[in-house]
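The values are calculated or read from the model by the stated rules, or taken from the named source; none is laboratory data. All figures in this text were calculated on a predicted structure; none of them were measured in a lab. Neighbour counts run over all protein chains shown; Cβ positions are idealised from the backbone, glycine included. These accessible areas exclude ligands, DNA and RNA; they are computed on the full protein's heavy atoms, side chains included. Shrake-Rupley method; radii C 1.70, N 1.55, O 1.52, S 1.80 Å.
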Amino acid sequence: MNNPVPSDNQPIPDGLVAAVDEAVAELQGGITYVLAAVIFGEPYAARQDAQHLIADRTRRFHWHREGPTARSAAVELIATHAIATSILVQRASRQAQTATRANLLTELVAELANDGVRHVVIESRGSREDGRDRATILNCFRERSVATLSYDWRTKVEPLLWYPDAMAGVVREQIINGRSTRFDYLQRTRTVTDVRYLG
């Protein structure tokens, strides 16, 4: 089985769509891995509005490179376009990041499938890593009684990925600082209702 190739600029299937990205917080000699999904009912509208985040520049949105104005605008877009979010977090050693991601991705895919998501867009991390993700997803379908869904990997060319990139960044901010006004805002707007910690 060949490793997946990014599906940049391909159409998004109809139905509920989730976009998935991660962030890693380094704390107390280990890491806290955050896997965030933002679920859209109208992904094309979300895509179009996200273009305002970068205006005329060629560089794509990436949370850790953005200033406060762009970050706040991204958070407002999440509140506008997300019909739900799913955020999974797990502590691990630095050496266990691959296994931790697989554990979180298994739980996330099962949750999204059971919630009626039809298609998942995952940020590409390169051919080898995307191949590991695909094996994890296929194992999830084999080992759990969940509905199958379609999925692909895309680079940051895909504006839908800017949403979970920002969402994961906000959660990382909350974990590191113990408080985040952006996280508080997403809770007040009921965009984030739960951050689930896995053992």
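The table below gives the values:
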| quantity | calculated |
| --- | --- |
| Selection from the range 18-72 of residues that are acidic (D, E), open to solvent by 30 Å² or more (accessible area, probe 1.4 Å) and either part of a loop (DSSP other than H, G, I, E, B) or modelled with pLDDT of 95 or more (or both) | E22, E42, D49, D56 |
| Residue count, the range 73-82 (criterion: surrounded by fewer than 19 Cβ atoms within 10 Å (Cβ to Cβ) and either outside any helix (DSSP H, G or I) or aliphatic (A, V, I, L, M) (or both)) | 2 |
| Filter pass, G30 being over 17 Å from the mean Cα position of the chain (by Cα), over 13 Å from P164 (Cβ atoms) and touching a residue at least 40 places away in the same chain (Cβ under 8 Å) | yes |
| Subset of the range 114-128 [free of Cβ contacts under 8 Å to residues at least 60 places away in the same chain and either in a helix (DSSP H, G or I) or small (G, A, S) (or both)] | N114, G126 |
| Members of the range 6-17 that are open to solvent by 20 Å² or more (accessible area, probe 1.4 Å) and either assigned to a strand (DSSP E or B) or farther than 10 Å from R154 by Cβ (or both) | P11, P13, D14, G15, L16 |
| In the range 73-98, the residues that are modelled with pLDDT of 95 or more and hydrophobic (A, V, I, L, M, F, W, C) | A73, A74, V75, L77, I78, A79, A82, I83, A84, I87, L88, V89 |
| Total residues in the range 162-182, condition open to solvent by less than 30 Å² (accessible area, probe 1.4 Å) and in contact (Cβ under 8 Å) with a residue 12 or more places away in the chain | 10 |
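Every residue, every condition in (1) touching a helix residue (DSSP H, G or I) at 6+ places or on another chain (Cβ under 8 Å); (2) surrounded by 17 or more Cβ atoms within 10 Å (Cβ to Cβ); (3) part of a helix (DSSP H, G or I), yes or no:
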residue	(1), (2), (3)
A96	no, no, yes
L112	no, yes, yes
D130	no, yes, yes
D133	yes, yes, yes
